[in-house]
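These notes concern the structure reproduced below.
The values are calculated or read from the model by the stated rules, or taken from the named source; none is laboratory data. Predicted model, so just to flag it, every value in this text is computed and none were measured. As a convention, Cβ positions derive from the backbone with ideal geometry for all residues, glycine included, and neighbour counts pool all protein chains shown. Remember, those area values only see protein heavy atoms, side chains included, never the ligands or the DNA or RNA. Shrake-Rupley method; radii C 1.70, N 1.55, O 1.52, S 1.80 Å.
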Amino acid sequence: MSYPFTMKSLASLAFASLLLLTTPNAQAQDARSRLIARATQFDLKNPYKAPPGDALSHHTSGYAKIMCSAVFITGLKPDFAAENVGYFTSPYAERAKVGKPVIDYDKKTVSITLPNGVTRTAIYVGDQGCVTLPEGHNTLNYKPIPVFRHLPDAATTPWPMGDVLPTTPPPAGVDMAKVNQAVGAAFDPAEAQTAAFVVTYKGRIIAERYGENITKDTPLESWSMGKSLSATILGILMKRGVYKLDQPAPIPEWQGKNDPRASIRIMDIMHMASGLYCRAPQDPDFDPTQGYPDHLYLYTDAGNSFTYAASLPQQRPPNTVGRYRNSDPVLINYLNRLGIDKLGEVYHTFPQRALFDKIGVRTMIMETDPSGNFLTQGYEFASGRDWARLGNLYLQDGVWNGERLLPQGFTTFVSTLAEPWVADGRPIYGGLFWINGDGALPIPKEAYMMQGAGGQSVTIIPSHDLVIVRLGHYKGAQAGAKALNRAYSLLMEAVPKTTKP
């Protein structure tokens, strides 16, 4: 496997990396203008049509789903969840415009009524989590199925396949006093609302702590860390010979005569550089007057997210401009479904059998749209320990217990800066992983991260054999980012740099 550019500097939190798009000063405005001007030169002038429907109804769809997941997956109290959890597809200000969520614990539903009398209802369906019913419908378009875990008893199995931790002294050279200070820093101040913090060194948990009413087994909102999970499943399919990164993406809707989208490669989609017209609130030229953004619609009301993403027109040629848009991870999920079907496997159980059972993951819930398509561009829940297991799979170059799960070179691909993002002057993104090429964080530049809105992150630092997981409630994102930076700094002092043979 070869790449058109070399691995460079790494790491940066999602919202921090986009700070230049939201900071109201002359320097940021100049950077925004340069981004817009560079992208405009590639515009294909194809017509754009905004998603249909009412924006408040879409927001309320997101609100119902978030509340359903918070109550029935994470186990949060409704009033706490309404105030603190998941603003991304349900902005805090929009919640005040609709009725109070009504929780039916018997039917496992959450219903919210809009001022016009329309009610949006989300339902907990078991191992596929929660989903909001399409407006005007009372059934889903697929039948949810149970997902069985084929793993030994965690209470009697050593980490990482189980939860039994070693009783031997900490690894030599690690300053545990500073490690413990880092844990404290991650939770300070209380406004950070840190829910889980787990640190592994050379695969061993050296520190962890959980927030109030949260345990090592609590599945927590993870948001766009799921994009990296989608990449991981694609990597498993690549290992099995289903796909290659440099091949044109075999999206069925693009195979018509002279469809320019047929030239979009899988690696272009992985790089968030497909060029599809998918408006997102974090776009430098985002104009809210154009309607509800596709980026959010793919969560809230697309019905079939795969066919919607595949129907989007081309805004720019692929591999020219880097833009953080949900169309691309949704299409990776589409490819995953096509690939799993090609193997003759069961779609909803494949991730558990082919990945999670291999590495000891027991708590992951991957949610779907009403058609049963995984929405792991951001709708997934897992515990801090399970995210640490996924991080360690990457730290170990895709190998677990001697078995190669990801193809040779895949971890290098995802952690290498994407050329279109570098050309944009934003060296911060790789292959559905964030990269700190701008040196924004107080950790080595070769670190790379799974990141999600609200301050969720799994940070992989190969030079120190570290994986750092931080999960928190959405409202604490800003304070949580500052707390995590302090924890990063302390961990860099506490853990020696690894000497590779």
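Pick from region 207-219 the residues that are more than 10 Å from Gly75 (Cβ to Cβ) and crowded, with 20+ Cβ neighbours inside 10 Å: which of them is farthest from the chain's Cα centre (by Cα)?
Filtering first and then ranking leaves Ala207.
For residues in region 188-206 being part of a loop (DSSP other than H, G, I, E, B) and surrounded by fewer than 20 Cβ atoms within 10 Å (Cβ to Cβ), which is nearest to the chain's Cα centre (by Cα)?
Here the answer is Gly203.
Filter region 321-338 down to the residues that are in contact with a helix residue (DSSP H, G or I) (Cβ under 6 Å, 6 or more places away or on another chain) and part of a loop (DSSP other than H, G, I, E, B) and list them by number. Spell out how you get there, then give the answer.
Step one: filter region 321-338 for residues in contact with a helix residue (DSSP H, G or I) (Cβ under 6 Å, 6 or more places away or on another chain), giving 321-322, 325-334, 336.
Once the filter is applied, which keeps residues that are in contact with a helix residue (DSSP H, G or I) (Cβ under 6 Å, 6 or more places away or on another chain) and part of a loop (DSSP other than H, G, I, E, B), region 321-338 yields Val321, Gly322, Arg325, Asn326.
Counting just the residues of region 458-501 that are part of a helix (DSSP H, G or I) and in contact with a Ser or Thr (Cβ under 8 Å, 6 or more places away or on another chain), which one comes out farthest from Arg204 (Cα to Cα)?
Gly476
Okay, residues lined up against (1) within 18 Å of Tyr324 (Cβ to Cβ); (2) part of a strand (DSSP E or B); (3) among the aliphatic types (A, V, I, L, M):
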site: Pro250; (1), (2), (3): no, no, no
site: Ala262; (1), (2), (3): no, no, yes
site: Ile269; (1), (2), (3): yes, no, yes
site: Ser274; (1), (2), (3): yes, no, no
site: Ala280; (1), (2), (3): yes, no, yes
site: Phe286; (1), (2), (3): yes, no, no
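Looking at this structure, is Tyr292 over 20 Å from Leu406 (Cα atoms), outside any loop (DSSP other than H, G, I, E, B), of a type outside the set (A, V, I, L, M, F, W, C) and in contact (Cβ under 8 Å) with a residue 24 or more places away in the chain?
So Tyr292 fails the test.
Which one of these does Leu44 not meet: (1) in a loop (DSSP other than H, G, I, E, B); (2) under 24 Å from the mean Cα position of the chain (by Cα); (3) aliphatic (A, V, I, L, M)?
(2)
Would you say Val242 is modelled with pLDDT of 95 or more, surrounded by fewer than 21 Cβ atoms within 10 Å (Cβ to Cβ) and touching a Gly at 6+ places or on another chain (Cβ under 7 Å)?
Answer is yes for this residue.
Within region 84-124, how many residues turn out to be outside any loop (DSSP other than H, G, I, E, B) and exposed (fewer than 15 other Cβ atoms within 10 Å of the Cβ)? Explain how you work it out, then say what you get.
Filtering region 84-124 down to residues outside any loop (DSSP other than H, G, I, E, B) leaves 84, 92-95, 102-104, 109-113, 119-124.
Filter once more, keeping what is exposed (fewer than 15 other Cβ atoms within 10 Å of the Cβ): 92-93, 104.
Matching residues across region 84-124 total 3.
Taking the stated definitions as given, is Ala182 in a strand (DSSP E or B), buried (at least 22 other Cβ atoms within 10 Å of the Cβ) and in contact with a helix residue (DSSP H, G or I) (Cβ under 9 Å, 6 or more places away or on another chain)? Give the steps one after another, and end with the answer.
Details: in a strand (DSSP E or B): no; buried (at least 22 other Cβ atoms within 10 Å of the Cβ): yes; in contact with a helix residue (DSSP H, G or I) (Cβ under 9 Å, 6 or more places away or on another chain): yes.
Taking the combined requirement at face value, the residue does not satisfy it.
With the requirement that a residue be farther than 24 Å from Phe42 by Cα and of a type in the set (Val, Ile, Thr), what does region 417-444 give you?
Ile435, Ile443
Is it the case that Pro170 is free of Cβ contacts under 8 Å to residues at least 40 places away in the same chain, open to solvent by 60 Å² or more (accessible area, probe 1.4 Å) and over 29 Å from Val399 (Cβ atoms)?
no
Residue-by-condition table, conditions (1) over 25 Å from Pro351 (Cβ atoms); (2) touching a residue at least 12 places away in the same chain (Cβ under 8 Å); (3) among the β-branched types (Val, Ile, Thr):
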position	(1), (2), (3)
Thr113	yes, yes, yes
Thr132	no, yes, yes
Pro146	no, yes, no
Trp159	no, yes, no
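Quickly run through region 245-281 and pick out the residues that are in contact with a Leu (Cβ under 6 Å, 6 or more places away or on another chain) and either under 21 Å from Val414 (Cβ atoms) or open to solvent by less than 10 Å² (accessible area, probe 1.4 Å) (or both). Show your work before the answer.
Within region 245-281, the first condition is being in contact with a Leu (Cβ under 6 Å, 6 or more places away or on another chain), and the residues that meet it are 266-267, 269-270, 276-278.
Listed by number, the residues that qualify are Ile266, Met267, Ile269, Met270, Leu276, Cys278.
For the condition within 19 Å of Asn180 (Cα to Cα), of a type in the set (A, V, I, L, M, F, W, C) and in contact with a His (Cβ under 7 Å, 6 or more places away or on another chain), what is the one hit in Val495, Val467? Show your work before the answer.
Numbers: Val467 fails: in contact with a His (Cβ under 7 Å, 6 or more places away or on another chain).
Answer to the check: Val495.
Can you pull out every residue in region 41-56 that is loosely packed, with under 12 Cβ neighbours inside 10 Å and modelled with pLDDT of 95 or more? First the steps, then the outcome.
Looking only at region 41-56, we keep the residues that are loosely packed, with under 12 Cβ neighbours inside 10 Å, and these are 41, 45, 47, 52.
Scanning region 41-56 gives Gln41, Pro52.
Is it true that some residue in region 423-446 is closer than 24 Å to Met238 by Cα and open to solvent by 10 Å² or more (accessible area, probe 1.4 Å)? Spell out how you get there, then give the answer.
Keep residues of region 423-446 that are closer than 24 Å to Met238 by Cα, which gives 429-435.
Checking which are open to solvent by 10 Å² or more (accessible area, probe 1.4 Å) leaves us with none.
The answer is no, given that none of the residues of region 423-446 is closer than 24 Å to Met238 by Cα and open to solvent by 10 Å² or more (accessible area, probe 1.4 Å).
Any residue in region 197-208 that's among the polar types (S, T, N, Q): show its pairings with residues that are part of a strand (DSSP E or B) at Cβ separation under 6 Å, as long as the two are six or more apart or on different chains.
From residues that are among the polar types (S, T, N, Q), the pairs are Thr200/Val467.
So which pairs qualify, if the first residue must be in region 409-438 and under 11 Å from Met272 (Cβ atoms) and among the small types (Gly, Ala, Ser), the second must be part of a helix (DSSP H, G or I) and open to solvent by less than 10 Å² (accessible area, probe 1.4 Å), the Cβ gap must be under 7 Å, and the two must be at least 6 apart or on different chains?
So the pair list comes out as Gly430/Val414; Gly431/Ala231; Gly431/Met270; Gly431/Phe413; Gly431/Val414.
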